[in-house]
Amino acid sequence: MAALAVAPGVTHWPDYLDAAEQAALIADLREAARQAPFYTPRMPKTGKPFSVRMTNCGVLGWISDERGYRYQPLHPQTGAPWPPIPERLLRAWRELAGYSHPPEACLVNFYEPTARMGLHQDRDEAEFDAPVLSLSLGDTAIFRIGGTSRGGKTLSLKLASGDALAFGGPARLAYHGIDRILAGSSSLLPQPGRINLTLRRVTKPSG
Ligand code: MD3
Ligand code: FE
C-alpha cells in the first residue's frame, strides 16, 4: 500500500480500497443509513442548514444543531442508537491509524455536487492523540488543508474514490475543508455526489 507523506502528520493512500471493496462498503453504508437516515445538520445559533447531509455509525455520533456541535449516542431525529461501525472500516483503522484503541465515531458526510464544507478545525473530541482517518467514495473532491491557525497558507489535494487520508500529530488540529466536488468523476454511486467517512476516537481511553 503506497503511503504519501503530504505534510507533517498528513498521510495519503490513493486507491486504498479497490473497486470491489468500495462497492462492498457502499452496501454496508446503505444498511447503516436504513437504520440511521441521513439528515440535514444546522449551524449553531443561526440554524442555517449545512449543504452536506450527515449520519453516523458507532457508539457516538457527531451532530450540529442550533444548540451547538457535540457527540451523542442517539440519532437526533429517530432517537435510536447509531448502527455499529462496519467491520471493514474498523479494519482500515487498525491498518492505518497507528492508534491502539478502536474509533468511537464514524461520521458519514454526503455531498451533492454543489455541496461544500468551509475551512474548520475538528476539536469536539477529548482525545487529540488519535488521528482522524478519512475515506472517500464517489466523485472526486478538491480538499484544502492549512495550518493550525486561520489565514495561513493552504495546500490543495484531490481526494478520489477509494482514497484514505490520515491526520495526526501536528495536523490533528489543522484547518481543512472541501472546496468543490467534481461531478461525474466516478461511477461508484447511482447518483452524482460524494461520500466521506471520518473515523474518530472521541474519548480518552481509560485502561
Ligand atoms: C484534517 N470532512 O467531517 S475529510 C469533517 O471530506 C470533514 O467530508 C471533510 O472535515 C470531508 O469534519 C474532510 C478529511 C479530514 C477530516 C478530519 C480532519 C481532514 C482533517 C481533522 C484534522 C485535520
Ligand atoms: Fe473536519
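Got a number for residues in the stretch 165-193 being more than 10 Å from ligand 1 (Cβ to nearest atom) and among the aliphatic types (A, V, I, L, M)? Adding up the residues that qualify gives 4.
Residues in the stretch 119-132 that are within 12 Å of ligand 2 (Cβ to nearest atom) and farther than 15 Å from Leu157 by Cα: His120, Gln121, Asp122, Arg123, Asp124, Glu125, Val132. Of the residues making up the stretch 183-205, those that are buried (at least 16 other Cβ atoms within 10 Å of the Cβ) and of a type outside the set (Gly, Ala, Ser) are Leu188, Leu189, Pro192, Arg194, Ile195, Asn196, Leu197, Thr198, Leu199, Arg200, Arg201, Val202.
Give, as residue ranges, the strands (runs of 3 or more DSSP E) completely inside the stretch 1-80 that count at least 3 residues that are exposed (fewer than 15 other Cβ atoms within 10 Å of the Cβ). Before the answer, list the steps.
Working: elements: 4-7, 10-13, 53-58, 61-65, 68-72.
Qualifying strands (runs of 3 or more DSSP E): 68-72.
Taking the stretch 172-182 as the region of interest, how many residues are within 13 Å of ligand 2 (Cβ to nearest atom) and surrounded by fewer than 19 Cβ atoms within 10 Å (Cβ to Cβ)? So the answer is 2.
Residue-by-condition table, conditions (1) under 24 Å from Met1 (Cβ atoms); (2) aliphatic (A, V, I, L, M); (3) modelled with pLDDT of 95 or more:
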position	(1), (2), (3)
Trp82	no, no, yes
Arg91	yes, no, yes
Glu95	yes, no, yes
Cys106	yes, no, yes
Asp122	no, no, yes
Phe128	no, no, yes
Leu159	yes, yes, yes
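Which residue is surrounded by the fewest Cβ atoms within 10 Å (Cβ to Cβ), if the candidates are limited to the stretch 92-102 and must be over 16 Å from the mean Cα position of the chain (by Cα) and on the phi < 0 side of the Ramachandran plot? Can you show your working first?
Restricting attention to the stretch 92-102, the residues satisfying the condition of being over 16 Å from the mean Cα position of the chain (by Cα) are 94-95, 98-101.
Checking which are on the phi < 0 side of the Ramachandran plot leaves us with 94-95, 99-101.
Working: Arg94: 13, Glu95: 13, Tyr99: 19, Ser100: 8, His101: 16.
The residue in question is Ser100.
For the stretch 124-137, does any single residue satisfy the condition of being out of contact with any Ser or Thr (no Cβ under 9 Å at 6 or more places or on another chain) and near ligand 1 (Cβ under 8 Å from one of its atoms)?
Looking for residues that are out of contact with any Ser or Thr (no Cβ under 9 Å at 6 or more places or on another chain) and near ligand 1 (Cβ under 8 Å from one of its atoms), one finds none in the stretch 124-137, hence no.
Checked against (1) hydrophobic (A, V, I, L, M, F, W, C); (2) more than 10 Å from ligand 1 (Cβ to nearest atom); (3) crowded, with 21+ Cβ neighbours inside 10 Å, Leu155 passes all but condition (3).
The values are calculated or read from the model by the stated rules, or taken from the named source; none is laboratory data. Quantities reported herein were computed from a predicted structural model and do not represent experimental measurements. All Cβ positions, glycine included, derive from the backbone under ideal geometry; neighbour counts span all protein chains shown.
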